[in-house]
Amino acid sequence: MTYAIARHTHLTTALPDFVTRRMDLHYITRIEQLLGGEHPHAWQPTPASAVFLAGNDYLCLAGEPALVGAQVAALQHSAGELLMSAVYLQEGSAQHRLERKLAQFMGAEDGILAQSGWAANVGLVQTLAAPGIPVYLDMQAHASLWEGVQSAGATPVSFLHNDMEHLQKQLQRHGRGLIVVDALYSTNGSVAPLAALVEIAERSGCILIVDESHSLGTHGPRGAGLVAAEGLSERVHFRTASLAKAFAGRAGFITCSGKFKGYFLSESRPAIFSSCLLGHELAWFDAAIDFIAAADRRRARLHRHARMLREELRTLGYNVSDGSEQIIALEPGPEPKTLALRKLLEQHGVYGAMFCAPATPKNRSLVRLTLNSGLDQAQLARIVHACDEIRGQVDLENWSSTRRLRKLALV
């Protein structure tokens, strides 16, 4: 009996069959039969010399002395805090002051801090949509946005990734509602056509929500994001972001008007039933805003890394054409091939993250390499060397992404 099956048996002794059948699909059909008993997210100890490309700390803030110092000082001088919903915070509280500072950083009137990017997206969509209201989601939009539609009881309407013609056809069929996209998509590093989306939203009378989780801090003037970079801050109704990426913390954010903020705090279930942020968390983000605003060199370095590595991988025959930014997808397709790719990269000291269903469509699993500004030339060369060495072993010629590239070349 394998570890996976033994663990499954132990956990399900008191569970009903409608649960155990679903767990069997995971542990037996997927892990045992498809992947030979290896869990796709099981990690081996990472050597200190490894090139770690599975995190989202794009600007390398996690150990930054100024931020750590601000957080330590907040902890040392804390006289105890009230743990309660942010709904009950008094006007002018530390959290409200930080919300306005972050909103100003992004060129917005006001904003709302949430417990996570997930809570921000679910809460926002839940307060805007309703039963019978169509919500148009890019097929690669983050799962939290789809969850918000379900929470609202609204009608999800998908459109092909970054395909504005398909979006307009869907709008003609279903009518006005919400359009929901990521500014920078988390699986392949592609960028949304924001100007076109704004025009479509304005013509159709739709609300536009843009998730800036992977572009806030890394793109735009002083790191204000891609919406700000394109001069669209006053034309996008709402922007959201996880602050667990470039801001290296644990929270989410929504830009909005002051009037909407009061409505949201009274109607959003994630806001009502979650506690406010703590003082040391607020101190971290307060210092992070100032640091990120002045981090143009780190942003430029991050973008240079992305351009260089993408070009080298294209030269080696990898199809990385779906994206352009710091998130790079190596897409074999079926999960067994992707697991084999991840393990071979690890043997060469390169650690990426395996993405598979439900984070990707069933047969479009991939290894995601997330770059950061702290990588040096030797580490970048090591990534290229590893990808070069394993090409024959991973059957690169028969990857689904390679076949797509060949089809495009024939068009």
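Structure summary
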item: Relative intensity, log₁₀ I(q)/I(0), of region 81-293 from a Debye sum that treats every alpha carbon as a point, q = 0.09, 0.13, 0.18 Å⁻¹; result: -0.31, -0.66, -1.28
item: Nearest-0.05 FRET efficiency for residue 257 and residue 297, computed from C-beta distance (R0 30 Å); result: 0.30
item: Gain upon complete extension [residue 343, residue 85; 0.36 nm per residue less C-alpha separation]; result: 88.5 nm
item: Square roots of 5 times each gyration tensor eigenvalue, C-alpha, the chain, largest first, Å; result: 34, 26, 25
item: In sequence order, calculated HN-Hα J values of region 101-113 (Karplus, 6.51, -1.76, 1.60; Hz; x Gly/Pro); result: 5, 5, 4, 4, 4, 8, x, 10, 5, 8, x, 9, 8
item: Relative compactness, region 237-385, computed as alpha-carbon Rg over 2.2 N^0.38 Å; result: 1.31
item: Per-pair calculated FRET efficiency, R0 = 35 Å: residue 408 and residue 377 via Cβ, rounded to 0.05; result: 0.65
item: Which of 145, 134, 251, positive extreme of dipole for the chain (C-beta unit charges); result: 134
item: Additional length obtainable on full extension of the chain from residue 395 to residue 314, 0.36 nm per residue less Cα span; result: 27.6 nm
item: Neighbour count of at most 13 Cβ within 10 Å plus DSSP loop: longest chymotrypsin sites (Phe, Trp or Tyr not before Pro)-free window in the chain; result: 44-272
item: Burial ordering of 158, 373, fewest other beta-carbon atoms within 10 Å first; result: 158, 373
item: Only Lys, Arg (+1) and Asp, Glu (-1) charged, at Cβ; the chain dipole about Cα centre in debye; result: 560 debye
item: Members of 169/245; 101/169; 101/245; 101/259; 169/259 lying beyond 29 Å, as alpha-carbon distances in this model show; result: 169/245; 101/169; 169/259
item: Length gained when the stretch residue 150-residue 77 is fully extended (0.36 nm per residue, less Cα-Cα span); result: 22.0 nm
item: Placed amide H near residue 116: partners under 5 Å, 5+ positions off or other chain; result: 252
item: Largest to smallest principal axis extent of the C-alpha atoms in region 171-290, angstrom; result: 48, 32, 26
item: Virtual spin-label span in nm between residue 25 and residue 165, 7 Å along Cα→Cβ; result: 3.5 nm
item: Interchain or long-range residues, amide H under 5 Å from residue 161's placed H; result: 139
item: For region 270-276, Karplus couplings with θ = phi - 60° (6.51, -1.76, 1.60), whole Hz, Gly/Pro x; result: x, 6, 5, 9, 10, 7, 6
item: Estimated vicinal HN-Hα couplings, Hz - region 132-138 in sequence order (Karplus 6.51, -1.76, 1.60; Gly, Pro = x); result: x, 8, x, 10, 8, 10, 4
item: Counting DSSP beta bridges with both ends in region 81-293, the antiparallel % (nearest 5); result: 35 percent
item: For residue 85, residues with placed amide H under 5 Å, excluding near neighbours; result: 276
item: Cα→Cβ-extended label distance, 7 Å offset, between residue 109 and residue 93, nm; result: 2.2 nm
item: Residue exposure sequence - 51, 180 - by fewest surrounding Cβ within 10 Å; result: 51, 180
item: Residues in region 355-372 reached by a label modelled at residue 33 [backbone nitrogen below 18 Å; 7 Å Cα→Cβ]; result: 357, 362-363
item: Estimated FRET transfer efficiency (residue 203, residue 275; beta-carbon r; R0 60 Å; 0.05); result: 0.90
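Here, each number is a calculation from the coordinates, and none is a lab measurement. Keep in mind that what you see is a predicted model, and the values were worked out from it rather than measured. Neighbour counts run over all protein chains shown; Cβ positions are idealised from the backbone, glycine included.
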